[in-house]
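Quick notes on the structure that follows.
The values are calculated or read from the model by the stated rules, or taken from the named source; none is laboratory data. Remember, it's a predicted structure, so these values are computed and weren't measured experimentally. Neighbour counts run over all protein chains shown; Cβ positions are idealised from the backbone, glycine included. Note: accessible area is taken over every heavy atom of the protein model, side chains too, but ligands, DNA and RNA are not part of it. Shrake-Rupley method; radii C 1.70, N 1.55, O 1.52, S 1.80 Å.
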Amino acid sequence: MTLQTGRALPWPAPDPDLILGLPWSSMMALLLAALTILSSGAQLNRPAFYSKPQVLYEQYYRSVYTGLSEHLPPRHLIPWPDFTHGGLGWYRPGLREVERHANLIRALGDEKVPAIVLAAAIANQGSSAQRPFGIDLIERIQYFLGATFDWPLPGWEWGARWWRQHLEEPSLGIAQLLPDEARRLRGFGIPDLFDDRTSIRLMYAKLARVSDAAEALGLNQTQRFILLAIANNDGDGAIVRLTNYDLELERYIAEHPQTRIQIAKIMSFVDHLSQQGWNLPDGVNREYIWWLVNQSGGTP
């Protein structure tokens, strides 16, 4: 069948300015956002000590051997983290950040925030999946998309929430701080969270606030150390939740697996750093902290 001259087509001609019904700028923003999250999403929001490959690996060995620990290779030969036993795995970009800025971290460390805790917090946050190999390109793309584009599909509320969480309010820098959080910690202006030294100083401020609150509650040295380990991720929320538990730290930790994960991660870095010459404060009961991590049978 041939079309007659002057006869209208049975469907509208495609609009070169639209892609799947959306402006090209909105579609490109969605595409970049999806690629950004997919490239870093393997470890995002995973509420477990173990990475996925480690779970599959150990499940295989459990299906073959009854005495798993007798047949697994030495911990230092396993590439993924094993935070329940202080194993860091092979991927350690956060520790390279600590080594690069060791002088600043040591200079900031004091009785409020011991240098080894600040270093462990930076090592932990700097190892984020958002920063593969210590490169902040993914974060910069996220920040650009969130600051430049609005969510283009108002009817998709879940998409708007996702857009807001990952693009408009992303964690940035080696301290993985939220922009609004960093602004409150600094007290004025918008800090440059892509500047490592700025991020380290703001992480110190974040931990110092929690340390002051812990001291006001009359917590001992070990308890304050634990609160700082939690606060590297939760900030003032660690104090709020502990207060809701009537200062019963053991019950609070036992009932919050994610909190135990944070403590285990920080303690894994603390143990490693202590072997590298960073001093653990006097009066901190390291064995007790590890007991808290594993008190409910190990992995949550």
Hey, can you tell me all the residues within the range 179-193 that are open to solvent by less than 40 Å² (accessible area, probe 1.4 Å) and within 17 Å of VAL210 (Cα to Cα)? GLU181, ALA182, LEU185
Test of understanding: among LEU207, LEU177, which residue is among the aliphatic types (A, V, I, L, M) and in contact with a Ser or Thr (Cβ under 8 Å, 6 or more places away or on another chain)? LEU177
Could you please let me know if ILE138 is in contact with a Pro (Cβ under 9 Å, 6 or more places away or on another chain) and modelled with pLDDT under 90? yes
Looking at the range 101-152 only, could you name the residues that are closer than 22 Å to ILE230 by Cα, touching a Gly at 6+ places or on another chain (Cβ under 9 Å) and outside any helix (DSSP H, G or I)? SER127, SER128, ALA129, ARG131
Matching residues in the range 83-92 - criterion: being open to solvent by less than 50 Å² (accessible area, probe 1.4 Å) and either over 18 Å from SER274 (Cα atoms) or assigned to a loop (DSSP other than H, G, I, E, B) (or both): GLY86, LEU88, GLY89
With the requirement that a residue be farther than 18 Å from ARG286 by Cα, open to solvent by 60 Å² or more (accessible area, probe 1.4 Å) and not acidic (Asp, Glu), what does the range 219-251 give you? ASN233, VAL240, ARG241, THR243, ASN244, LEU247, ARG251
A careful count of residues in the range 216-264 that are within 22 Å of the chain's Cα centre (by Cα) and of a type in the set (Ser, Thr, Tyr) gives 2
Would a scan of the range 234-249 turn up a residue that is closer than 27 Å to LEU172 by Cα and touching a Lys or Arg at 6+ places or on another chain (Cβ under 7 Å)? yes
Mind checking whether some residue in the range 194-212 is open to solvent by 50 Å² or more (accessible area, probe 1.4 Å), touching a residue at least 40 places away in the same chain (Cβ under 8 Å), closer than 16 Å to VAL117 by Cα and not basic (Lys, Arg)? yes
Give the residues of the range 156-173 that are in a helix (DSSP H, G or I) and crowded, with 21+ Cβ neighbours inside 10 Å, sorted by residue number. TRP163, LEU167
Would you confirm whether or not the range 255-264 contains a residue that is open to solvent by 70 Å² or more (accessible area, probe 1.4 Å), touching a helix residue (DSSP H, G or I) at 6+ places or on another chain (Cβ under 6 Å), more than 17 Å from ASN124 (Cβ to Cβ) and not basic (Lys, Arg)? no
Kindly indicate whether GLN176 is out of contact with any strand residue (DSSP E or B) (no Cβ under 9 Å at 6 or more places or on another chain) and open to solvent by less than 60 Å² (accessible area, probe 1.4 Å). yes
